[in-house]
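This report concerns only the one structure given below.
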Amino acid sequence: EDLGLTITVGEILVEIMATTVGAGFLSPQSFVGPFPSGAPAIFIDQVARFGGAAGIVAAVGADDFGTINVERLRADGVDVSAIATIQGRPTGSAFVRYRPDGARDFVFNITHSAAGEARMTEAARALVAKSGHVHVMGSAFAIPGIAAALVEAVATVKARGGSVSFDPNIRKELAQADEGRKLVDDVLAVTDLLLPSGDELLVAADAATEEAAVERLLDLGIGEIALKRGSAGSSHFSRQFGRVDCPAFSVEEVDPTGAGDCFGAAYLTSRRAGLAPARALLYANAAGARTVTRQGPMEGVSSREELDEFIAAAGREVGI
Ligand code: ATP
Ligand code: MG
């Protein structure tokens, strides 16, 4: 069976950003956007741009915010056949403004937008039936209604011998000892590649130290962990290769949104193409670093050729 296709299920949004730094939206101000966004959409766009076969199960409204997203994904090579258009609901959106300390204020329209209506439609089942890898984005998993579609996609792909990656970017849900935590544990039990950021690793493992967390998760049967450390780079942990560290690239951070999603996509796609963890981490760090130099969450997504150039320009080695 052909297991080359990577899919994800989740939210598509536009992001509209304040052009000034400050606190929130309590006075009239200028914005720039709409930019295509949504963590699962950024992820799958980066898979396709890196050269992987990619598709997404999602929903948009019958409006320009939907069109700008679908056309970007299509142009970048993502299979958009399972993106539903929901009549009577607007495409999801996020207004964002940075505070001086780097924290962000948001106004979200996701759960009650078309994005919250992503379901296992006939088109979605057709896409899932031919895929060999599902990426579970924690943000999508936290949206009521989408979790069931993700669970079905994971079961279908696992049953045909495929694999699962998981970015647990849902700190609040992870910390709760309730239904949300159970769903997370169910996904961890079938995860082949875990992509945590910072102390999401500790929370996911319910452990006090990095070493203990890694041991517990590898014991659970997770094949490999690629840990994102922001401007401190990343680390890989597995039984087969042990620990592999990769320093970050030195760049000027303009907009950090999307770095983790592009990192995960470049790492996964490199590994699925047969590259060793050290080389996959180098591509992943390069993808994350390039993303933060651009304003707009999906504007810094890179082709493999662009990453090769970026890595060479930094004097780093891509290796064999
Ligand atoms: P997000 O902010 O999208 O949720 P994340 O927290 O999941 O991201 P990060 O660790 O912030 O993930 O970023 C992923 C990778 O991108 C890092 O491991 C690093 O390689 C690269 N990266 C992120 N920020 C920077 C930076 N300021 N300078 C250099 N590289 C960076
Ligand atoms: Mg993250």
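Could you list, in sequence order, all residues of the stretch 81-95 that are of a type in the set (S, T, N, Q) and closer than 11 Å to S113 by Cβ? Residues satisfying the conditions are T91, S93.
Candidates in the stretch 194-220 are the residues that are of a type in the set (D, E, K, R) and within 14 Å of ligand 1 (Cβ to nearest atom); of these, the one that is modelled with the lowest pLDDT is D199.
May I ask you to verify whether V251 is farther than 24 Å from V187 by Cβ, in contact (Cβ under 8 Å) with a residue 12 or more places away in the chain and within 16 Å of ligand 2 (Cβ to nearest atom)? In short, no.
Is it the case that some residue within the stretch 152-171 is exposed (fewer than 14 other Cβ atoms within 10 Å of the Cβ) and within 16 Å of ligand 2 (Cβ to nearest atom)? There is no residue in the stretch 152-171 that is exposed (fewer than 14 other Cβ atoms within 10 Å of the Cβ) and within 16 Å of ligand 2 (Cβ to nearest atom). With respect to the conditions (1) within 21 Å of G38 (Cβ to Cβ); (2) touching a Leu at 6+ places or on another chain (Cβ under 7 Å), T121 falls short on a single one, namely (2).
In the stretch 179-237, of all residues being within 16 Å of ligand 2 (Cβ to nearest atom) and hydroxyl-bearing (S, T, Y), the one that is farthest from T293 (Cα to Cα) corresponds to T191.
Within the stretch 214-228, residues that are without any contact (Cβ under 8 Å) to a residue 40 or more places away in the chain have Cβ atoms under 6 Å from residues that are among the small types (G, A, S) and in a helix (DSSP H, G or I) in these pairs: R216/A205; L217/A205, counting only partners at least 6 apart in sequence or on another chain. Please determine whether any residue of the stretch 159-172 is within 16 Å of ligand 1 (Cβ to nearest atom) and assigned to a helix (DSSP H, G or I). Checked the stretch 159-172: at least one residue is within 16 Å of ligand 1 (Cβ to nearest atom) and assigned to a helix (DSSP H, G or I).
Of the strands (runs of 3 or more DSSP E) entirely within the stretch 221-320, those holding at least 3 residues that are buried (at least 18 other Cβ atoms within 10 Å of the Cβ), touching a His at 6+ places or on another chain (Cβ under 8 Å) and not acidic (D, E) occupy 224-228. Scanning the stretch 66-82 for residues that are among the acidic types (D, E) and under 14 Å from V128 (Cα atoms) yields a single hit, D79. In the stretch 53-66 there is no residue that is of a type in the set (D, E) and within 16 Å of ligand 2 (Cβ to nearest atom).
Within the stretch 12-34, the set of residues being buried (at least 24 other Cβ atoms within 10 Å of the Cβ) and out of contact with any Pro (no Cβ under 6 Å at 6 or more places or on another chain) comprises I12, L13.
The values are calculated or read from the model by the stated rules, or taken from the named source; none is laboratory data. What you are looking at is a predicted structure, and each value in this text was computed from that prediction instead of being measured. FYI the Cβ positions are ideal-geometry reconstructions off the backbone, even for glycines, and counts take in every protein chain you see.
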